[in-house]
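Before any comments, here is the structure.
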Amino acid sequence: MILSNTETVPGKEIVEFYGVVTGNTVRAKHVGRDIMAGLKNIVGGELVGYTELLQDSREEATQRMITQAESMGANAVVNVRFATSSIAQGAAELFAYGTAVLVR
Amino acid sequence: MNFGVPFIILVVAYFVGTILERRHFDDIRRREAEVKNFPVLTFETLPTDWQVGSAGLATGSVVVSLDYFKRVIAGLRALVGGRIKTYEPLLDRARREAMLRMVERAKREGYDAVVNARLETSRLANSRGNGKGTAGVEMLAFGTAITLNKRW
């Protein structure tokens with residue numbers, strides 16, 4: 001499955017469109033990460049726990065989008081975009097969406 | 001005596017935060033020098049003499065938090081308005097770090113350039129306090145990594 005955030009896949013031609021595919025996941029932080037973040041809030045800098053949490057969530061959301069595209073018979077997803085939103089207390093939603101296509 | 005503890009935290013935050021920030025900027029500059037020759041475009045149209053081999057998605061992200069000292073200064077700034085100069089280096093670091101991670105990952109996976117690079121910012125809210133207050137800011141850099149059949 002080829003992913004691209006451009007409208008076409010560079011070097012290939014789109015022969016069929018299957019429509020919009022999406023994948024999302026909602027993740028909450030656990031207490032351990034919260035405590036580390038609380039300490040980091042004093043000196044500032046990167047919150048490694050949160051970075052990894054969001055990266056894993058993004059991978060999962062992307063994987064769900066790919067699975068949906070595969071079920072339609074597509075072999076590529078173009079114009080992939082991401083959205084991160086803070087939903088409830090301590091929970092973030094990762095949303096990935098794109099257009100499933102067949103490329104040659 | 002009662003405001004001694006927050007004052008100590010403030011002083012610690014200032015010194016440790018400044019040292020960490022300077023070290024991070026040095027690290028960023030060194031890594032940027034290493035990927036100087038890797039093309040990153042923010043648009044889709046490719047130069048006409050580029051022949052694309054394969055393509056894939058490249059992402060890089062970082063979540064940063066504000067230290068206590070910066071937040072106190074920003075709170076004071078909020079009274080009179082204007083540029084909050086204490087936040088600017090932090091967001092600059094976060095953006096450059098996210099871009100570097102995207103480029104380093106693309107390079108590691110064997111790609112030659114990144115096109116249509118985008119930067120997105122999201123605010124993460126606190127879990128206590130009903131979502132008021134910011135726990136961190138996430139910077140996401142993503143683009144399409146391509147391999148080129150012609151090298152220069």
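The values are calculated or read from the model by the stated rules, or taken from the named source; none is laboratory data. In this text the structure is predicted, and so the values were computed from the model without any measurement. Cβ atoms come from the backbone with ideal geometry, glycine included; neighbour counts cover every protein chain shown.
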Given the options B:Ala55, B:Ala78, B:Ala13, name the one that is among the small types (Gly, Ala, Ser) and in a strand (DSSP E or B). B:Ala55
Checking the condition over 17 Å from the mean Cα position of the chain (by Cα) and in a strand (DSSP E or B), which residue from A:Tyr97, A:Tyr18 passes? A:Tyr18
Are any of the residues in segment B:86-97 over 23 Å from the mean Cα position of the chain (by Cα), in a helix (DSSP H, G or I) and more than 9 Å from every other protein chain (Cβ to nearest Cβ)? no
Single condition A:Arg58 does not satisfy, out of (1) farther than 23 Å from B:Leu90 by Cα; (2) surrounded by fewer than 19 Cβ atoms within 10 Å (Cβ to Cβ); (3) within 11 Å of chain B (Cβ to nearest Cβ): (2)
Let me spell it out: the conditions are (1) modelled with pLDDT of 90 or more; (2) not in a loop (DSSP other than H, G, I, E, B), and A:Ala74 meets all of them except one. Which number is the exception? (2)
When you scan segment A:51-69, do you find a residue that is without any contact (Cβ under 8 Å) to a residue 40 or more places away in the chain, over 30 Å from B:Phe69 (Cα atoms) and of a type in the set (Gly, Ala, Ser), even just one? yes
Being at pLDDT 90 or above, of a type in the set (D, E, K, R) and closer than 15 Å to B:Glu138 by Cβ narrows it down to one of A:Arg58, A:Arg33, so name that one. A:Arg58
Could you tell me which residue of segment B:17-37 is nearest to B:Arg71 (Cα to Cα), considering only residues that are in a helix (DSSP H, G or I) and in contact with a Leu (Cβ under 8 Å, 6 or more places away or on another chain)? B:Glu21
